[in-house]
Structure formats: structure tokens, C-alpha cells
Amino acid sequence: MMKELSPTAAKIADIAEHFIQSRGYNGFSFRDIQDALGIKTASIHYHFKTKQDLAKAVFERYLVRYKLILDKIEQDQESAEARLDALANLFILTRDDDKLCLCGMYASDYRSLDSELSFTLNRFVEINEAWIEKVVKLGVDSGELSAQNNPKDIAKVYFSALEGSTLLAQFKDSSYIQEVKTVFLNSLKTGSFS
């Protein structure tokens, strides 16, 4: 369970999250945070002993917020297609804000991260794939989506497609994610990518 952050620690984590999503884990230092917040690096180290500690806190907060967003999608969207569409729209909105999914950014700097953060990243992927699998199963069971779809396989491919298209949209734009989403959702209804 994530510990509650003090107001100063929360500001530090907010800035770090922005830097990680826009520059990557290796694309910022405590000095960048110091400059952005006008505090000494010693103050940052008081709250987060190491950059790895900060990275863990940032991702834990992100994961908590993300799970709440998935819950809200379930509450607000009745159909499987609308839920999958809403999930993809999260990636589109992130890209439109000139950022990437935090998981994707950490994945690009994976070799720089400690094993504890790797565990959290795997949890994020598992949460997404389990949620998508559940949604696809709902769609198949209701007849909304083709029965040819294997929910577990679709979950892996859809999540990978969203992460990958978001990464490629860095040098394209968010319409690329939109196109991938549209093709994917159409294929789920027909059971074919043709």
C-alpha cells in the first residue's frame, strides 16, 4: 500500500511524473525538480532518498489513480465497445498533452530501474490486461463482440497496440492511436482484421 505523501513530497512527485512522461526516467535529475520548484536538492532527498524511491512513489500514485479511472469507465460506459473506446481515449488524451503513458516511458528506461519498480510495472500490465479481458468477455457473452475472440489473447494485443501506437504517435500525432483503436474495435466486432 502506498503511503500518503506530504504536500511538498506530492509537488515533487507531480513534477517528476511530468518529467518522466515527457522526457523519460533518464531525462531528468533532482536538479531539474529543484529548478522547477525553487527548492534545494537536499529538500528533495529528505522526501525521496534516491531517484529510484521517487520513481516508485510516482508510479504507485499513478497506479492508484489509473485504477480509479478504470472503475469510472465501468460505471459510465455500459457496452464493451464503449469501455474499450474510453480506455484508448486515455492514451489519446495523454499523447495530446505531449506525454506518454508512464508505463511506456518506464519501459523505455527499464535497464535503469530496480527490480522493485519492475514488479510494479508488471502489476500495471496485469491490471490492464485483466481489465481488458473482462471487458472483452462481457462483449463476447452479450453478443456485442465476435465469439471468435479469445478475451485473454485480445487483452494482450489491445494493450500492446495502445502502448505501441502511443509511442509511435510521438512522431506522428494522436490520430494514429485513433486509427489503431478504430481498426481494433471493428475487428473485435467482425472477428477479423481484414
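Summary table below
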item: In the stretch 157-176, residue surrounded by the fewest Cβ atoms within 10 Å (Cβ to Cβ) [restricted to those that are over 14 Å from the mean Cα position of the chain (by Cα) and either assigned to a helix (DSSP H, G or I) or of a type in the set (Gly, Ala, Ser) (or both)]; result: Ser175
item: Total residues in the stretch 118-129, condition loosely packed, with under 15 Cβ neighbours inside 10 Å and free of Cβ contacts under 8 Å to residues at least 60 places away in the same chain; result: 4
item: Any hit, the stretch 3-18, residues being open to solvent by 40 Å² or more (accessible area, probe 1.4 Å), among the acidic types (Asp, Glu) and at pLDDT below 95; result: yes
item: Subset of the stretch 61-80 [surrounded by 17 or more Cβ atoms within 10 Å (Cβ to Cβ) and of a type outside the set (Phe, Trp, Tyr)]; result: Arg61, Leu63, Leu70, Ile73, Ala80
item: Verdict on Arg95 being more than 20 Å from Leu168 (Cβ to Cβ), part of a helix (DSSP H, G or I) and of a type in the set (D, E, K, R); result: no
item: Selection count, the stretch 21-43, where residues are in a loop (DSSP other than H, G, I, E, B), closer than 19 Å to Arg61 by Cα and open to solvent by 60 Å² or more (accessible area, probe 1.4 Å); result: 0
item: Sole residue being of a type outside the set (S, T, N, Q) and in a loop (DSSP other than H, G, I, E, B), chosen from Leu63, Leu100, Leu68; result: Leu100
item: Residue match in the stretch 90-101 (condition: over 18 Å from Glu17 (Cβ atoms) and open to solvent by less than 70 Å² (accessible area, probe 1.4 Å)); result: yes
item: Of all residues making up the stretch 6-29, the number that are more than 21 Å from the chain's Cα centre (by Cα) and touching a residue at least 24 places away in the same chain (Cβ under 8 Å); result: 3
item: Looking only at the stretch 102-117, and only at residues there that are out of contact with any Gly (no Cβ under 7 Å at 6 or more places or on another chain) and among the hydroxyl-bearing types (Ser, Thr, Tyr), the one that is surrounded by the most Cβ atoms within 10 Å (Cβ to Cβ); result: Tyr106
item: Qualifying residue in the stretch 130-144 (condition: open to solvent by 20 Å² or more (accessible area, probe 1.4 Å), more than 13 Å from the chain's Cα centre (by Cα), closer than 20 Å to Asn26 by Cα and among the aliphatic types (A, V, I, L, M)); result: no
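The values are calculated or read from the model by the stated rules, or taken from the named source; none is laboratory data. The shown structure was predicted, so the numbers you read here are calculated from the model rather than taken from an experiment. Positions of Cβ are backbone-derived with ideal geometry, glycine not excepted, and every protein chain shown enters the neighbour counts. Please note that ligands, DNA and RNA were not included when accessible areas were found on the heavy atoms of the full protein model with its side chains. Shrake-Rupley method; radii C 1.70, N 1.55, O 1.52, S 1.80 Å.
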